[in-house]
Amino acid sequence: MSEPLVIIGNGMAAAKLCEELSARALGRHAVAVVGAEPTLAYNRVLLSEVLAGRMPAADTELKTAGWWRAQGVTLLYGTPAAAIDRAARAVVLADGQRLPFSRLVLATGSHPIRLPLPGADLPGVTTFRDLADVDALLKAARPGVKAVVIGGGLLGLEAATGLAGAGVDTTLVHVMDRLMERQLDATAARLLREAVEAQGVTVELNAHSEAVTGETCATGLQLKDGRLLEADLIVMACGVRPNADLARAAGLACNRGVIVDDRLSTDDPDIFALGECAEHRGLAYGLVAPAYEQARVLAAHLAGRPAAYEGSTVSTNLKVSGVPVFSAGDISGTGTEDIVLNDRGLKIYRRLFVRDGVLQGAVLFGDTADGLYYLDLITNRTPIAELRTELAFGRPALAA
């Protein structure tokens, strides 16, 4: 008899786990996937393309309905999980159904952060996190509409460039002195700002949001310096927090996210967590690549094979206005030496951070073809002494 395995969450992490399970443990588990959204799993990274009108929503789908059927996975999407009954080993759905499990995986993702500003509950204020958000923004995006996007990180940039691509007069406000301050140094951030502005987005830095103005709906964003930015739409895209609600209510150990060990197990040995909801060694990753690495480890463990997740080297790949940006590793510059390539004419910039003969971090702008090469050097702590003189030019050419 197959063991009942229930996965709560129907996002990218859950889809990757099912893909890995199908390659390793076909038939060992009777898998049921529970999703709150009324759609098949889709690629959230592509939401800005849908918003800008460059891609239909259907093209974001990760797996077809036929693929899920072929894997023998039972899909229950559009029906959120309401509780975990650990004593009875069952998941309780919002419609009252109970799904028994032998093992349970939490892949519940994240909640978008909504700033607690006065007026934040007015119509016209939204987030940018899922297809429902994109659908609402598309309905509101029309000639003459003004939008303000709060947040200069990945989500904010995707929302702002997506809205601008849809023809909306868009302003991006960010509380810090540069865009993507966690991933980029000052030079790369300046080049990114220029690329964003070239796409039609007005960028306001060091801008502290104070309140949403309006009575029956949003009419603007008041900044702490006294300026009022007129807006029919205000998009809060200023980060996410792990969705550990079900786990916390079930008494599982949680901090920011659901605490897991190197097997992705919670403090209940039959319950696991991965992706944005999981916290491993004090870190909750909000990116796709770590979730996929966790899925491979968890699938191997569920298949009865030894595997351990030891953390991820965080990397970011982004394309804004056709200009690629890449960041990986430690780019703080603390105790490091710099190797810099800066071609102002071609707007190609590379900064490599070296400590103790090992590459610690990399920032690339304009040409990211060697991003994975640098990521590999960082992850494997490869000595770069023999590569140093040519390192800024990327992967060495193969010998004849």
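When the stretch 334-359 is filtered for residues that are farther than 14 Å from Ala188 by Cα and not in a strand (DSSP E or B), the ones remaining, listed by number, are Thr334, Gly335, Thr336, Gly345, Asp356, Gly357. Given Asp225, Asp245, Asp262, Asp267, which one is among the acidic types (Asp, Glu), over 27 Å from Cys18 (Cβ atoms) and at pLDDT 95 or above? The match here is Asp225. If we scan the stretch 122-143, do we find a residue that is within 22 Å of Ala211 (Cα to Cα), of a type in the set (Phe, Trp, Tyr), surrounded by 16 or more Cβ atoms within 10 Å (Cβ to Cβ) and touching a Leu at 6+ places or on another chain (Cβ under 7 Å)? Scanning the stretch 122-143, I find at least one residue that is within 22 Å of Ala211 (Cα to Cα), of a type in the set (Phe, Trp, Tyr), surrounded by 16 or more Cβ atoms within 10 Å (Cβ to Cβ) and touching a Leu at 6+ places or on another chain (Cβ under 7 Å), so the answer is yes.
Applying a threshold of 7 Å to beta carbon distances and a minimum spacing of six or more residues, or different chains, the list of pairs starting in the stretch 280-293 at a residue that is on the phi < 0 side of the Ramachandran plot and ending at one that is surrounded by fewer than 21 Cβ atoms within 10 Å (Cβ to Cβ) and part of a helix (DSSP H, G or I) reads Val288/Val45.
Only one of the listed residues (Gly286, Gly282, Gly304, Gly357) is at pLDDT below 95 and surrounded by fewer than 15 Cβ atoms within 10 Å (Cβ to Cβ). That residue is Gly304. The sole residue among Arg344, Arg381 that is in contact with a strand residue (DSSP E or B) (Cβ under 9 Å, 6 or more places away or on another chain) and not β-branched (Val, Ile, Thr) is Arg381. The numbered conditions (1) touching a residue at least 40 places away in the same chain (Cβ under 8 Å); (2) under 20 Å from Arg190 (Cα atoms); (3) in contact with a strand residue (DSSP E or B) (Cβ under 6 Å, 6 or more places away or on another chain) are all true for Ala362 except (1). Are any residues in the stretch 289-301 closer than 17 Å to Asn43 by Cα and either at pLDDT 95 or above or crowded, with 24+ Cβ neighbours inside 10 Å (or both), and if so, which ones? Pro290, Ala291, Tyr292, Glu293, Ala295 - these are the residues of the stretch 289-301 that are closer than 17 Å to Asn43 by Cα and either at pLDDT 95 or above or crowded, with 24+ Cβ neighbours inside 10 Å (or both). Of all the numbered requirements in (1) assigned to a strand (DSSP E or B); (2) surrounded by 19 or more Cβ atoms within 10 Å (Cβ to Cβ); (3) out of contact with any Lys or Arg (no Cβ under 8 Å at 6 or more places or on another chain), Gln222 misses one, and that requirement is (2). Taking each residue of the stretch 35-61 that is closer than 17 Å to Gly167 by Cα and hydroxyl-bearing (Ser, Thr, Tyr) and looking for partners that are modelled with pLDDT under 95 and buried (at least 21 other Cβ atoms within 10 Å of the Cβ) with beta-carbon atoms closer than 7 Å, six or more apart or interchain, yields Ser48/Glu158; Ser48/Ala159; Ser48/Thr161; Ser48/Gly162. Within the stretch 128-141, not a single residue is of a type in the set (D, E, K, R), at negative phi, out of contact with any Gly (no Cβ under 6 Å at 6 or more places or on another chain) and not assigned by TED's automatic domain parsing to the domain that holds Leu157.
Only one residue in Gly214, Gly153, Gly165 is in contact with a Gly (Cβ under 8 Å, 6 or more places away or on another chain), surrounded by fewer than 22 Cβ atoms within 10 Å (Cβ to Cβ) and either in the same structural domain as Phe272 (by TED's automatic domain parsing) or under 28 Å from Ala284 (Cβ atoms) (or both). Which one?
Values: Gly214 fails: either in the same structural domain as Phe272 (by TED's automatic domain parsing) or under 28 Å from Ala284 (Cβ atoms) (or both); Gly165 fails: either in the same structural domain as Phe272 (by TED's automatic domain parsing) or under 28 Å from Ala284 (Cβ atoms) (or both).
After ruling out the rest, the residue left standing is Gly153.
The values are calculated or read from the model by the stated rules, or taken from the named source; none is laboratory data. All figures in this text were calculated on a predicted structure; none of them were measured in a lab. Quick reminder, even Gly has a Cβ in these numbers, built from the backbone with ideal geometry, and neighbours come from all protein chains shown.
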